[in-house]
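The values are calculated or read from the model by the stated rules, or taken from the named source; none is laboratory data. These numbers were taken from a predicted model, which means no experiment stands behind them. Heads up, the Cβs are rebuilt from the backbone with ideal geometry, glycines too, and the neighbour counts pull from every protein chain shown.
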Amino acid sequence: MKVTAAIAAGSALPAWFVEELSAQTATPKPRMANDKPGIALVGCGGQGRGDCGWAKNFGNVVAVCDVDAKHRDEAAKQFNVPDSGKYADFRKVMERQDVHVILTGTPDHWHTLVNLAAIQAGKDIYSEKPLTLTISEGQRLVKAVREHKTVFQTGSQQRSDPRFRLACELVRNGRLGKLEHIIVGLPTGPREGPFPPVPAPPELNWDFYVGQAPPVEYKVNNCHGNFRWWYCFSGGQMTDWGAHHNDIAQWGNGTERSGPVEVDGKGLVQMIPGGYDAMAKYRIDFKYANGVTMAVVDESTVTDRNVVGEGKSTPNGIQFIGPNGWIFVNRGEIKASKPELLDEALPAGALRLYKSDNHMANFFECVRTRKTPICEAEIGHRSISVAHLGVISVRLGRPLKWNPDQEEFVGDKEANQWLSRPMRKPYDYSFIS
Ligand SMILES: NC(=O)c1ccc[n+]([C@@H]2O[C@H](COP(=O)([O-])OP(=O)(O)OC[C@H]3O[C@@H](n4cnc5c(N)ncnc54)[C@H](O)[C@@H]3O)[C@@H](O)[C@H]2O)c1
């Protein structure tokens, strides 16, 4: 009873769902020390170290790797890794037989090469989102994961938050009637600059950091943390938060292994020359083959059917809209146009979705059992593909038709060239072969 009350007080989840949650068994823990896989962290910044702090409950951290010696040393100290476990080049980490799990916490443009190298070396992987820099990278990754039977978790941890699962289960079971429209509210990106080049700090191997991206100079604001506002490394908020919320939108829409058929993206602000170049304000309209439409907008943008924001700005989160009303979910709350949309329990025999209430625990459980994690590679790839489609449409400045089965633009040679990007040598696929 105590567990039930504690969950209910903090979350505004309906009572029937809370009862279900509290009835679940405790998070599985490794049974003994030798059940613990060896873990290596590649990319020792804020999120990587956060993931590693979580992962160390399920294994032993034996190696850390970063192209910035300061981050590498800090992580080694934090996780008690000896000097022999510190690496500047992730390829060396992959050679270690006592490393079973790779945590990929690099910036987006390095995820795929690190992950492919890990797959080839037989490691299992927890990789941060946005899973890829391009759709073509995702296609390669999914193929490799399947071929090598890698246990792969995408770091889209909202999947393991019961609020999001509840919203998706209700929508998938027709609680709103036939789903009509989804509004995804993402943060507005920063619009700042210009930023002059400055010398890179001596502890950072800047050329390695830039990797496959075109040769850009180091600037105060294009490295740690800020890489995500630059198109060469990422896609701005459209891919950063887009990875999270588009993932939930796809889950609720039942298209997590597919994607939209049309995309029409618009950048709504002129970016400052020499400043951040990933679009800060945007509206992207999608259509799915099942008739559902979806608007992905930054929070400062007003959308026509914005039911939750009362005609003002669009709140951060996902709004599912159908003839019976709406359900809104974000990291803090779940609410609906009428209480009964949430309060009525799902009937026996209703479609229930993959249940994980701890993203990292789910991953390590799958490492042990060889089952498929809740956000495996294809799901991560399809979620971020939605974001990449939006970025491509915004940058091309026109609507596009997408074939989610073939994963290519329909009869559009120019757009299909955007499925990949030129990779700067030596940091192309040959770097890891
Ligand atoms: N799941 C979430 O909620 C969440 C939250 C924040 C960030 N992230 C994701 O985590 C990733 C990292 O973000 P962050 O905020 O920690 O960035 P960060 O800049 O703090 O850390 C990235 C680290 O990777 C290192 N790095 C760069 N290239 C490398 C390479 N080739 N090999 C080894 N290390 C390399 C950098 O030096 C840096 O230490 C991003 O993809 C981001 O989107 C996810």
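Residues that are within 23 Å of the chain's Cα centre (by Cα) and either modelled with pLDDT of 95 or more or surrounded by fewer than 18 Cβ atoms within 10 Å (Cβ to Cβ) (or both) do not occur anywhere in segment 336-351. Taking Asp68 as the residue in question, decide whether it is surrounded by fewer than 21 Cβ atoms within 10 Å (Cβ to Cβ) and farther than 25 Å from Cys375 by Cα. In short, no.
Of the residues Arg140, Arg165, Arg159, Arg146, the single one that is among the basic types (Lys, Arg), away from the ligand (no atom under 14 Å from the Cβ) and under 30 Å from Glu20 (Cβ atoms) is Arg165.
Within segment 250-270, track down each residue that is crowded, with 24+ Cβ neighbours inside 10 Å and out of contact with any Phe, Trp or Tyr (no Cβ under 7 Å at 6 or more places or on another chain). Matches in segment 250-270: Gln250, Trp251. Looking across segment 102-131 at every residue that is near the ligand (Cβ under 10 Å from one of its atoms) and of a type in the set (Val, Ile, Thr), the one that is nearest to Gln237 (Cα to Cα) is identified as Thr106. The C-beta contact set for segment 226-249 (first residue buried (at least 24 other Cβ atoms within 10 Å of the Cβ), second residue of a type in the set (Lys, Arg), distance under 6 angstrom, 6+ apart or interchain) comprises Ala243/Lys129.
Per-residue answers, yes or no, for (1) out of contact with any helix residue (DSSP H, G or I) (no Cβ under 9 Å at 6 or more places or on another chain); (2) surrounded by fewer than 20 Cβ atoms within 10 Å (Cβ to Cβ); (3) farther than 23 Å from Val67 by Cβ:
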{"site": "Thr132", "(1), (2), (3)": "no, no, no"}
{"site": "Arg146", "(1), (2), (3)": "no, yes, yes"}
{"site": "Gln158", "(1), (2), (3)": "no, no, yes"}
{"site": "Gly174", "(1), (2), (3)": "yes, yes, yes"}
{"site": "Val216", "(1), (2), (3)": "no, yes, no"}
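Among the residues of segment 197-225 satisfying the criterion of being touching a strand residue (DSSP E or B) at 6+ places or on another chain (Cβ under 7 Å) and more than 10 Å from the ligand (Cβ to nearest atom), which is farthest from Arg421 (Cα to Cα)? Among them, the one singled out is Val198.
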